[in-house]
Amino acid sequence: MLADAGLPIVEATSFVSPRAIPQLSDASDVMAGLTHQPSTQYSVLVPNIKGMERAIAAGVRSIAVFTAASESFTMHNINSTIAESLTNFKPVVALAQQEGIPVRGYISTVLVAPIRER
């Protein structure tokens with residue numbers, strides 16, 4: 001429905017660990033079930049190289065990586081520090097470049113983190 005509304009980019013799903021977030025274990029099925037609009041780019045969140053490999057296998061042609069401005073949020077959300085998350089993205093971005101897949105990066109919790117800093 002978002003693509004039908006004319007949005008040029010839709011983040012369709014996340015290729016996160018199925019063990020960590022079972023609700024997103026169907027990411028490949030979600031991508032296979034999309035009715036692609038030619039004017040919409042369907043991006044997916046990829047937190048690490050395993051997720052990137054799954055995304056490529058599913059035919060993904062646009063990805064996003066993210067970290068956060070909050071150490072606690074980053075640790076809670078992707079089980080790494082901010083510095084570690086940036087290091088983890090290097091092989092993801094390198095593989096995306098090798099495959100000709102555009103990468104979008106973003107920073108979560110820029111203003112307020114829902115998880116308290118410790």
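Values computed for the structure shown
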read-out	value
Angle in degrees between helix 82-99 and the longest Cα principal axis of the chain, rounded to the nearest 10	20
Per residue accessible area of the chain, 1.4 Å probe, in Å²	61
Candidates T74, T13, T35: whichever shows maximal mean-square fluctuation once the chain is modelled as a Gaussian network with Cα springs under 10 Å	T35
Point-charge dipole on Cβ atoms (K/R +1, D/E -1) for the chain, about Cα centre, debye to 20	200
Within the accessible area of the chain (1.4 Å probe), percent carbon and sulfur	57
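The values are calculated or read from the model by the stated rules, or taken from the named source; none is laboratory data. Computed from a prediction, not measured in an experiment: that's the story for all the values here. Neighbour counts are summed over all protein chains in view; Cβ atoms, including those assigned to glycine, are modelled from backbone coordinates with ideal geometry. Only protein heavy atoms, including side chains, enter the accessible area calculation; ligands, DNA and RNA are left aside. Shrake-Rupley method; radii C 1.70, N 1.55, O 1.52, S 1.80 Å.
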